[in-house]
Amino acid sequence: MSRRFDAIIIGAGQAGPPLAGRLTGAGMSVALVERKLFGGTCVNTGCMPTKTLIASAYAAHLARRAADYGVVIRGPVGVDMKSVRARKDAVVTRARSGIQSWLAGMERCTVFEGHARFESPHEISVGATRLAAERIFINAGGRAVAPDLPGIDRVDYLTNSSILELDALPQHLVIIGGSYIGLEFAQMYRRFGSAVTIVEMGPRLIQREDEDVSAAVKEIVEAEGIAVRLNAECIRFAPHGGDIAVGVSCTEGPPEIIGSHVLLAVGRRPNSDDLGLDRAGVAIDARGQILVDDQLCTNVPGIWALGECNGRGAFTHTAYNDFEIVAANLLDNDPRRVSDRIISYALYIDPPLGRAGMTETEASRAGRKIRIGMRPMDKVGRAIEKGETQGLMKIIVDAESEAILGAAILGVGGDEAIHGILDMMYAGRSYTRLQRSVPIHPTVSELIPTMLGELRPEV
Ligand SMILES: Cc1cc2nc3c(=O)[nH]c(=O)nc-3n(C[C@H](O)[C@H](O)[C@H](O)COP(=O)(O)OP(=O)(O)OC[C@H]3O[C@@H](n4cnc5c(N)ncnc54)[C@H](O)[C@@H]3O)c2cc1C
């Protein structure tokens with residue numbers, strides 16, 4: 001016998017809990033199933049722990065630079081990794097418990113702890129318990145990929161989850177993958193005091209970004225003593241005493257690096273392989289992403305997929321927006337769509353990179369006639385005052401329609417300042433409107449109108 005509910009939600013990540021709140025608020029009975037940690041990746045092994053650790057790393061970095069500001073610290077700056085971890089654990093535990101107790105106290109919501117598997121399109125099992133509902137929402141998230149590289153099975157390696165449990169400093173951390181997650185850990189551990197090498201197969205870091213942005217990021221990390229090995233086409237691993245030998249290149253530079261620890265940061269895959277989706281007839285693509293339409297319905301009526309598992313965004317804000325889209329369509333008669341969303345994200349190295357919309361390369365490839373505004377951060381008063389002048393800001397506009405197509409702010413406060421541009425893009429306003437705004441002085445944002453006054457054609 002199955003226990004019947006109006007709706008079942010699989011996963012207490014970024015979309016599941018708020019959806020449970022809306023559905024129960026509308027009078028529905030909801031079963032929410034979570035197999036591991038309430039709050040999912042962002043709260044437990046993603047955004048929150050990393051940004052909390054990054055704050056500790058920033059404090060150490062600033063303390064080491066104290067003399068630049070006329071502040072005297074006598075003796076070396078030390079980092080107590082046990083306290084750093086305890087601070088991170090406290091932040092994460094508070095957030096996780098908040099979600100757990102919110103769900104536990106939610107009227108009409110029953111929480112099941114265990115692994116959910118489809119038995120049929122409207123039925124799932126959680127251990128020996130069977131649950132049934134006309135509507136099932138999958139918010140199963142994703143996990144780190146461990147690629148099948150030569151020797152990987154012969155060495156111990158860390159993932160973005162297991163590295164969070166370290167409370168001692170790696171002597172030499174070798175990070176495989178020069179993208180967002182790898183870069184954040186690289187700078188964080190360098191600032192904690194480890195030697196760090198980033199090993200990237202491709203010709204540059206964060207390859208999805210424009211070359212100038214990617215080059216500026218490389219300059220920032222190298223200035224802190226992080227070694228970067230690009231074009232590492234021969235990555236392989238072997239035990240080396242108590243350390244790990246990481247094969248890097250077959251042609252250029254030293255062929256091998258010896259690290260005390262290896263972190264794999266080479267991407268993530270959706271948690272769709274162990275959901276029994278075949279029993280429900282839910283279609284996935286070759287990468288395991290659950291196929292959805294613009295309103296997040298799967299190919300099976302009554303089943304939706306939200307968040308990272310649907311491949312339509314790999315961020316907390318996109319997962320949360322998926323919840324908003326589903327709730328608006330189901331409960332508010334408001335046909336919100338994924339395609340209304342403008343791509344936006346940040347890379348939380350220091351200084352951070354805030355991004356909105358297209359890169360210059362994407363806009364050119366799309367055949368747009370574009371104009372570009374650019375300003376180095378050492379020509380931004382706020383950055384000079386703060387003594388943090390690395391990076392650049394850049395904006396791309398459509399030469400014909402005057403629409404803002406995209407922007408990147410790599411610089412102090414870039415993760416916040418980008419929102420002035422993003423909001424204008426959502427408002428559908430021409431760049432001239434932003435150019436005539438009167439921003440607050442002194443801010444990073446105040447240079448955005450100036451930059452728009454100096455647009456040049458694409459070369
Ligand atoms: C190191 C790192 C840093 C990040 N930093 C950022 C950042 O700064 N900003 C940002 O926007 N994004 C960041 N992300 C990405 C962000 O964490 C994810 O995109 C986001 O958490 C996805 O949310 P979700 O709701 O789709 O899935 P998740 O948060 O992963 O939640 C899915 C939940 O489903 C559960 N589950 C899975 N399968 C089952 C099952 N069969 N039965 C029951 N339960 C199940 C899981 O246990 C999990 O709790 C980061 C990710 C990582 C790894």
Any trypsin sites (Lys or Arg not before Pro) in the range 263-332 that lie in a DSSP loop and have at most 14 other Cβ atoms within 10 Å would be Arg287
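The range 177-328: D in µm²/s via Stokes-Einstein (Kirkwood Rh, Cα pairs, 10 °C, 1.306 mPa s)? Working shown, then result.
Details: Rh = 18.1 Å.
Estimated via Stokes-Einstein, D reaches 88 µm²/s.
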TM-like helix rule applied to the chain (DSSP H, alpha carbon span at least 15 Å on the long axis, mean Kyte-Doolittle at least -1.0) gives 47-64, 81-104, 180-192, 211-223, 316-331, 414-427
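Considering only Cα-Cα distances, which of the following residue pairs are longer than 24 Å: Lys88/Lys386; Lys51/Lys218; Lys51/Lys379?
Numbers: Lys88/Lys386 26 Å; Lys51/Lys218 20 Å; Lys51/Lys379 28 Å.
Those over the limit are Lys88/Lys386; Lys51/Lys379.
In the chain, carbon and sulfur make up what percent of the accessible area (probe 1.4 Å)?
In the chain, the share of accessible area belonging to carbon and sulfur is 51 percent.
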Two pseudo-spin positions, 7 Å from Cα along C-beta at Asp212 and at Arg456, lie apart in nanometres by 0.7 nm
Treating only Lys and Arg (+1) and Asp and Glu (-1) as charged, each at its beta carbon, one finds that the chain has a dipole about its Cα centre, in Debye to the nearest 20, of 720 debye
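Calculate, for Ile342 and Arg74, the FRET efficiency according to 1/(1 + (r/R0)^6) with r their C-beta to C-beta distance and R0 56 Å; round to the nearest 0.05. Kindly include the intermediate steps, with their values, before the conclusion.
Working: r = 49 Å, r/R0 = 0.88.
E between Ile342 and Arg74, to the nearest 0.05, is 0.70.
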Given unit charges at Cβ for Lys, Arg (+) and Asp, Glu (-), the dipole magnitude of the range 178-303 about its Cα centre in debye, nearest 20, is 360 debye
Quick calc, the range 34-143, dipole around Cα centre from Cβ unit charges on Lys, Arg (+) and Asp, Glu (-), nearest 20 debye, gives 500 debye
Loop-resident trypsin sites (Lys or Arg not before Pro) in the range 201-244 with no more than 14 other Cβ atoms inside 10 Å, DSSP not H/G/I/E/B, are Arg208
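Hey, what's the range 1-80 come to in accessible area per residue, 1.4 Å probe, Å²? Walk me through the intermediate numbers first.
Numbers: 3580 Å² over 80 residues.
Per residue, the range 1-80 has 45 Å² of solvent-accessible surface.
Just to confirm the filter: which GluC sites (Glu not before Pro) across the range 76-140 are DSSP coil and have at most 13 other Cβ within 10 angstrom of their Cβ? Spell out each step's value before the answer.
Working: sites: Glu107, Glu113, Glu119, Glu123, Glu134; in loops: Glu107.
Those satisfying the criteria are Glu107.
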For the chain, the charge dipole (Cβ of Lys, Arg +1; Cβ of Asp, Glu -1; about the Cα centre) points to a positive end, and the Cα of Ala346, Gly141, Val33 closest to that extreme belongs to Val33
Contact order relative to length for the chain, counting C-alpha pairs under 8 Å separated by 6 or more residues, stands in percent at 13 percent
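Scale the Cα Rg of the chain by the rule-of-thumb value 2.2 N^0.38 Å and send over the ratio, two decimals.
It is 1.05.
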With every protein chain kept in place and a 1.4 Å probe, the range 377-458 has an accessible area per residue in Å² of 46 Å²
Summing -39500 (n - 2.57) over every DSSP H run of at least 4 residues in the chain and dividing by its residue count gives a helix-only mean residue ellipticity at 222 nm, to the nearest 500 deg cm²/dmol, of -9000 deg cm²/dmol
Taking the dipole of the range 323-459 about the Cα centre (Lys, Arg +1; Asp, Glu -1; charges at Cβ), the one of Gly367, Leu452, Ala403 that reaches farthest to the positive side is Gly367
Any aspartates and glutamates whose Cα falls less than 14 Å from that of Lys82, other than same-chain ones fewer than 8 residues away, would be Glu165, Asp167
Among Ile206, Leu169, Ala186, the residue whose Cα sits farthest towards the positive end of the charge dipole of the range 164-234 (+1 at Cβ of Lys and Arg, -1 at Cβ of Asp and Glu, taken about the Cα centre) is Leu169
In Å², rounded to a whole number, the accessible area per residue of the range 145-257 with probe 1.4 Å is 42 Å²
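The values are calculated or read from the model by the stated rules, or taken from the named source; none is laboratory data. Note that this is a predicted model, so its numbers are computed, not measured. Heads up, the Cβs are rebuilt from the backbone with ideal geometry, glycines too, and the neighbour counts pull from every protein chain shown. Only protein heavy atoms, including side chains, enter the accessible area calculation; ligands, DNA and RNA are left aside. Shrake-Rupley method; radii C 1.70, N 1.55, O 1.52, S 1.80 Å.
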